1. Would you be able to say whether some residue in the range 74-92 is away from the ligand (no atom under 16 Å from the Cβ), touching a residue at least 24 places away in the same chain (Cβ under 8 Å) and surrounded by fewer than 14 Cβ atoms within 10 Å (Cβ to Cβ)?
2. For Glu53, indicate whether it is within 16 Å of the ligand (Cβ to nearest atom), part of a helix (DSSP H, G or I), more than 20 Å from the chain's Cα centre (by Cα) and of a type outside the set (Lys, Arg).
3. Do you know which residues across the range 93-141 are without any contact (Cβ under 8 Å) to a residue 40 or more places away in the chain, of a type in the set (D, E, K, R) and in contact with a Gly (Cβ under 9 Å, 6 or more places away or on another chain)?
4. With a cut-off of at least 3 residues that are touching a strand residue (DSSP E or B) at 6+ places or on another chain (Cβ under 9 Å), without any contact (Cβ under 8 Å) to a residue 60 or more places away in the chain and under 28 Å from Glu120 (Cβ atoms), name the strands (runs of 3 or more DSSP E) lying wholly within the range 178-285.
5. Could you check how many residues of the range 29-44 are surrounded by fewer than 20 Cβ atoms within 10 Å (Cβ to Cβ) and touching a residue at least 12 places away in the same chain (Cβ under 8 Å)?
6. Taking only the range 362-377 into account, find how many residues are more than 25 Å from Ala31 (Cα to Cα) and open to solvent by 40 Å² or more (accessible area, probe 1.4 Å).
7. Considering each residue of the range 286-331, count those that are more than 20 Å from Phe127 (Cα to Cα) and touching a Phe, Trp or Tyr at 6+ places or on another chain (Cβ under 6 Å), and give that number.
8. For the range 93-104, enumerate the residues that are at pLDDT below 85 and buried (at least 23 other Cβ atoms within 10 Å of the Cβ).
Amino acid sequence: MEKITVPFIYGDGVGPEVVGATLKIVDAALAKAYGGSKQIEWKEVLAGGKSFEQLGTWLPDETMEAFRKYHIGLKGPLTTPVGGGIRSLNVALRQTLDLYVCLRPVRWFRGVATPVLHPERVNMTVFRENTEDIYAGIEWEPGTEEAERFGKFLLGDMGVKKVRFPDTAAYGVKVISKEGTERLVRAACRYALDRGLPSVTLVHKGNIMKFTEGGFKKWGYELAQKEFGDALSSGRLVIKDCICDAFLQNALLKPEDYSVIATPNLNGDYVSDMLAAQVGGIGIAPGANINFDTRDAIFEATHGTAPDIAGKNIVNPCSNLLSAVMLLEFVGWNEAGERITAALEKAFASGRATADLARLMPSGTALSTTDFTDLIISLL
Ligand code: NAD
């Protein structure tokens, strides 16, 4: 019997409902697929509001240690503490474990209502860089000593002339490195080749930001040529690029042109949510944060804590559930994951879903979170 331990965080707001549903469905899928020969031992670890209430800390050391020890984890959404302390728990987790890829696969499920005419043409996987760019959070508030010093350095030592209103300016620093770009693009190319996907598109804004976003494009192409030259020349893989604003338009007009997307952090933020909206919204968009070198990975719902619907038994658990499907694929237990995906396909095709999706279906039936969970288990 094979058993792996997966630390998990219930999370805040709707977190316990979506994670609870996920654990039940995954356990049932494993039992169906492997008859007990492959199992997950779920180990709860604390973070967020529950942790703060019980331990007085938002992110205990034991939680980080568990993720380091087991290299894998599942998490529900966490409230961002307001007013000091940790800037964002999610960012802290990603940076501490150096989870440099935010992986967001985007596909459509038949039956799910969407704002586009041909959602079936959307089938992309976004590799969003997770540790650099403006999300590194290097910025200073106007009026602080740091902002003033930074302003003086820019205007004085660096001879910058383009700060229009220096006395009231906030400053932020955008960092994009060759190494950071290379490891992201390498992971994206390997992912595409492993799955027989046709292309990797570098989405950037290098026409304006020549050295950061432009560097991303240049280093990405160079890396692909150096390490995947054979696949490129044999046509097994195509590497191309697109300026981000054009990409947002093209992804709506001709999504079939794109497969794997590699992009810096801020572009990736916009791109991931727009693509998710094209196939039915963040309620069913899964995600993972992964370091493809150490194989540390945390799989998580992409939506927030949805406090407006917490505790009402109506939340859609699919984002977290599909993230768990990614986890199963990551550890090579594909059959269990495929059973869950197939069960979701059947449920949606028959118009059965939680209210957020069912109300947009032509003859949808809205199920509670727990009834939907039971339905998926019955369809496994
Ligand atoms: P949200 O995603 O929690 O909610 C936005 C809207 O979408 C709400 O109306 C909500 O009811 C609805 N919604 C979200 N997920 C849903 C689901 N699974 N099923 C049905 N409806 C769903 O975003 P927000 O309101 O901006 O953020 C609330 C809190 O969550 C904030 O503290 C924020 O910092 C945090 N947050 C955490 C994460 C994370 O942990 N990864 C991500 C985003 C936001």
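1. No, every residue in the range 74-92 fails to be away from the ligand (no atom under 16 Å from the Cβ), touching a residue at least 24 places away in the same chain (Cβ under 8 Å) and surrounded by fewer than 14 Cβ atoms within 10 Å (Cβ to Cβ).
2. yes
3. Correct list: Glu139 only.
4. Numbers: elements: 199-204, 238-243, 260-263.
In the range 178-285, 238-243 are the strands (runs of 3 or more DSSP E) which contain 3 or more residues that are touching a strand residue (DSSP E or B) at 6+ places or on another chain (Cβ under 9 Å), without any contact (Cβ under 8 Å) to a residue 60 or more places away in the chain and under 28 Å from Glu120 (Cβ atoms).
5. Keep residues of the range 29-44 that are surrounded by fewer than 20 Cβ atoms within 10 Å (Cβ to Cβ), which gives 31-39, 41-44.
Subsequent filtering for residues that are touching a residue at least 12 places away in the same chain (Cβ under 8 Å) retains 32-34, 36-39, 41-44.
Selection size over the range 29-44: 11.
6. Summing the residues that are more than 25 Å from Ala31 (Cα to Cα) and open to solvent by 40 Å² or more (accessible area, probe 1.4 Å) in the range 362-377 gives 4.
7. Summing the residues that are more than 20 Å from Phe127 (Cα to Cα) and touching a Phe, Trp or Tyr at 6+ places or on another chain (Cβ under 6 Å) in the range 286-331 gives 0.
8. Leu93
The values are calculated or read from the model by the stated rules, or taken from the named source; none is laboratory data. Not measured: the values here are computed from a predicted model. Using ideal geometry, Cβ is built from the backbone for each residue, glycine included, and neighbour counts are taken over all protein chains shown. Areas reflect the complete protein model, heavy atoms only, side chains present, ligands, DNA and RNA absent. Shrake-Rupley method; radii C 1.70, N 1.55, O 1.52, S 1.80 Å.
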